[in-house]
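The values are calculated or read from the model by the stated rules, or taken from the named source; none is laboratory data. Quantities reported herein were computed from a predicted structural model and do not represent experimental measurements. Glycine gets a Cβ as well: all are built from the backbone with ideal geometry, and neighbour counts include every protein chain shown.
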Amino acid sequence: MASPPENSDITFPPVDVVGELNPGTNTHIQVDPTSSEVAAYNKMKEQNEAKQKKSEGEKKDTLQTIKSAIIISGIVVALAGAAFAITKKLREK
């Protein structure tokens, strides 16, 4: 096997043997900063997407309400017109 170079600065960090062998007693949790940044970014992205979907849903609800109001108004006007036409025909006879 190859031996490490003599003036090498490449070494492994020290290991907490007790913490590694007994994970229930290990109270010091090491967090990978890159992973936590990625997780935070993903969480923020999901929240933004949820807000966007909610606002789109509100827009659709508003448009649906306006659309329904216009259709109902048209039906009422048509019924009123038909009622006036029928009463006019009945008065002529």
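Restricting attention to region 39-49, does a residue exist that is among the hydroxyl-bearing types (Ser, Thr, Tyr), at pLDDT 80 or above, surrounded by 10 or more Cβ atoms within 10 Å (Cβ to Cβ) and under 30 Å from the mean Cα position of the chain (by Cα)?
yes
Read through the list (1) modelled with pLDDT of 75 or more; (2) surrounded by 10 or more Cβ atoms within 10 Å (Cβ to Cβ), then give the number of the only condition that ASN26 fails.
(1)
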